[in-house]
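Where a number appears in this text, it was derived from the coordinates with a stated rule and is not lab data. Treat the numbers as computed from the prediction; the structure is a model and nothing was measured. Cβ placement follows ideal geometry from the backbone for every residue including glycine, while neighbour counts extend to all protein chains displayed.
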Amino acid sequence: MSKEIKILGFAGSLRRNSFNKAALRAAQELMPDGARLEIFDLAPIPFFNEDLEAQGVPPAVTEFRSSIASADALLLVTPEYNYSIPPVLKNALDWASRGADSPLQGKPAAIMSASTGMFGGIRAQYHLRQVCVRLNLQLLNRPEVFIANAATKFDQEGRLSDEPTREVIRKLLSALVENAGKAKLDKGE
């Protein structure tokens with residue numbers, strides 16, 4: 001029985017210098033003892049198409065689903081595009097949700113968002129929560145992490161330099177690890 005908690009994190013942004021990717025890297029640094037965060041890049045996942053699926057699930061999708069299945073919990077990090085979640089994130093979740101063997105079913109999860117605006121991705125998070133209800137993810141309700149005015153919270157190298165934001169991310173990760181640990185115990189792992 002492994003006591004280490006493995007979190008799989010992914011960001012719904014493709015931009016190289018994305019604040020959401022930077023927030024995900026910050027989370028990797030801030031993981032509590034006994035847990036680790038593996039980051040998955042969503043860029044190679046093709047847009048969902050049932051014709052493509054009928055030809056065989058693409059390797060990038062198979063790898064993504066396998067990574068979800070082997071994780072104890074998920075950390076979803078999303079920018080806000082037009083008051084909603086970006087297509088990259090929704091697409092990855094659509095692929096992962098396919099079939100009765102979806103690795104998302106009952107998986108503990110948490111959400112963070114970063115935005116250059118003053119709301120920090122609030123609307124995207126609430127829309128993502130609606131999607132996650134359908135996927136049967138077991139989302140944390142608190143603490144909520146909205147990184148507003150993100151350009152002021154990260155340094156030139158993309159490191160999260162705002163200590164209050166780092167602290168709320170620590171709290172989110174601790175709660176996620178705790179939930180993942182309880183889920184493992186419930187499964188007898």
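Which value at 222 nm does the chain reach when only helices count, each DSSP H run of 4 or more adding -39,500 (n - 2.57), with the total divided by all residues and rounded to the nearest 500 deg cm²/dmol?
Working: 6 runs with 77 residues, N = 189.
Value at 222 nm, helices only, nearest 500: -13000 deg cm²/dmol.
Lys-Lys pairs in the chain that are eight or more residues apart or on separate chains and whose Cα atoms lie under 22 Å of each other come to 23. Here the extension length gained between residue 116 and residue 100 equals 1.9 nm, from 0.36 nm per residue of separation less the Cα-Cα distance. Membrane-span-like helices in the chain, defined purely by DSSP H runs whose alpha carbon atoms cover 27 Å or more axially and whose average Kyte-Doolittle hydropathy reaches -1.0, are 163-186.
Sequence gap at least 6, Cα distance under 8 Å: using those rules, report the relative contact order of the chain to the nearest whole percent.
Values: 344 pairs, mean separation 48.5, N = 189.
It comes to 26 percent, rounded to a whole number.
Dipole orientation for the chain: of the candidates 79, 117, 45, 117 has the Cα lying most toward the positive pole (charges on Cβ; Lys, Arg +1; Asp, Glu -1).
Given 0.36 nm per residue, what is the gain on full extension from residue 52 to residue 130 after removing their alpha carbon distance, in nm?
Stretched out fully, the residue 52 to residue 130 stretch lengthens by 25.4 nm.
Length gained on full extension, residue 178 to residue 161, computed as 0.36 nm times the residue gap minus the Cα-Cα distance: 3.6 nm. Per residue, the Cα convex hull of the chain amounts to 113 Å³.
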